[in-house]
Every structure is written in C-alpha cells, then in structure tokens.
Amino acid sequence: HKPVTAQDRQLAELIDQSQASVIIIGNKWDLVEDKDPKKADEFVKYYHAQINFLKWAPVILLSAKDRTKLTRLKNAIVAAYQERFRKIDENALGKFLKNVIRKQSPTLGKGSIRPYIYRLKQVGVNPPQFVVQVKEGTNLKYAYLNTIEKMLREKFGFEGAPIKMWIEKTTAKKI
C-alpha cells in the first residue's frame, strides 16, 4: 500500500474541521495479494493510526477497477448520513453518563476541586451535538470529553458521523 502522505493528513484535518461525515476508502484492493480478514484489519489499523483523529470513520477497502465492495460503500454512505441525525433520549444519556463516571471518574482540570458532572445532554443533530454540564467553580479536563465521545460511540454508534461536544458550567444543584 502507498503510505498516507502529509497532504492526505492535511486534507483529513480540513474535512474533520468542516464537521463532515467521513468514510476512508482504500482503493486498489485488487492489487493486494493474500487478501484475508487479518490483512484487511492491518490496513484499517494503519489508516486509523495515520489519521488518528478520524478513528470514528469506517474504512472500506475496495477496487474501483473490479467494482468490488461498491455496495458496501453505498451502504456505509447511507449509514453515515443517518448517524448524523441519531438522537439519544435523556434517560439513556443519564444512565450512560453514570456508567462512564463509574468506569473512569472525571479528570481534574485547573484547580483543586474535583469536577462534578451534572448532565450530558444532546442539544442537536446534523452533526450530533452534546453539552457536558459541570458544576460552576470546577474544571473538567478537556481530554475527558474524548473519553466520553469514545464511550458514546462504543455504546450508540455514530459511525462515520462527527460529534461536537463542549463543556458548560452551571450553578444548578440538580438538573
């Protein structure tokens, strides 16, 4: 396979910043010898390692010449579009957040008071948008949003769709 170039990564960054849905396509699969699931997994891992900020994007290995896996590509495009509109109800998000916190407690940002997360709320779709509401006067480390997003994708999908997530501080005791 040809290596992912700096230009490929730069283009992927622009696509990521645009909040577009993404499917990574590895073409010329017909030229690969000894095709098997293990070889395909190696290619997927390679692409995700090279463009690690798009690990949520499915990778499809196809051959335009042989027209193989084109149906899979079409299905992935439709699925990525549908995932942009996925809405998770508040009750499911509440249970999900408790599970996330149980598995990995919120990481401390600046300051000495452990952050308290009141709620994870979906505030929009196309792309899916979430706000993490934390107690005023505490700071949640921004990297914790990556943990929430990773677990959100594991639990609910969103494959091929970007997710926007931000922190909002609130003084409310209970929401």
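The values are calculated or read from the model by the stated rules, or taken from the named source; none is laboratory data. Because the structure is a prediction, the values reported are computed rather than measured. Cβ sites come from the backbone with ideal geometry, for glycine too, and all protein chains shown count toward neighbours. Just so you know, the surface numbers come from the protein's heavy atoms only, side chains and all, with ligands and any DNA or RNA stripped out. Shrake-Rupley method; radii C 1.70, N 1.55, O 1.52, S 1.80 Å.
Going by the structure shown, is Phe85 among the hydrophobic types (A, V, I, L, M, F, W, C) and out of contact with any Phe, Trp or Tyr (no Cβ under 9 Å at 6 or more places or on another chain)?
So Phe85 passes the test.
Is it true that Val22 is outside any helix (DSSP H, G or I), open to solvent by less than 40 Å² (accessible area, probe 1.4 Å) and farther than 26 Å from Arg84 by Cα?
No; evaluated as a whole, the condition is false for this residue.
So which residues in the stretch 37-63 are small (Gly, Ala, Ser) and assigned to a helix (DSSP H, G or I), if there are any at all?
Matches in the stretch 37-63: Ala40, Ala49.
Checking the condition in contact with a Leu (Cβ under 9 Å, 6 or more places away or on another chain), among the hydroxyl-bearing types (Ser, Thr, Tyr), touching a residue at least 24 places away in the same chain (Cβ under 8 Å) and farther than 25 Å from Val22 by Cα, which residue from Thr171, Thr138, Thr68 passes? Talk me through it step by step, then tell me what you get.
Details: Thr171 fails: in contact with a Leu (Cβ under 9 Å, 6 or more places away or on another chain); Thr68 fails: farther than 25 Å from Val22 by Cα.
Exactly one residue qualifies, and that residue is Thr138.
So which residues in the stretch 91-142 are of a type in the set (D, E, K, R) and more than 19 Å from Ala161 (Cα to Cα), if there are any at all?
Let us first name the residues in the stretch 91-142 that are of a type in the set (D, E, K, R), namely 95, 98, 102-103, 110, 114, 119, 121, 135-136, 141.
The answer is Lys95, Lys98, Arg102, Lys103, Lys110, Arg114, Arg119, Lys135, Glu136, Lys141.
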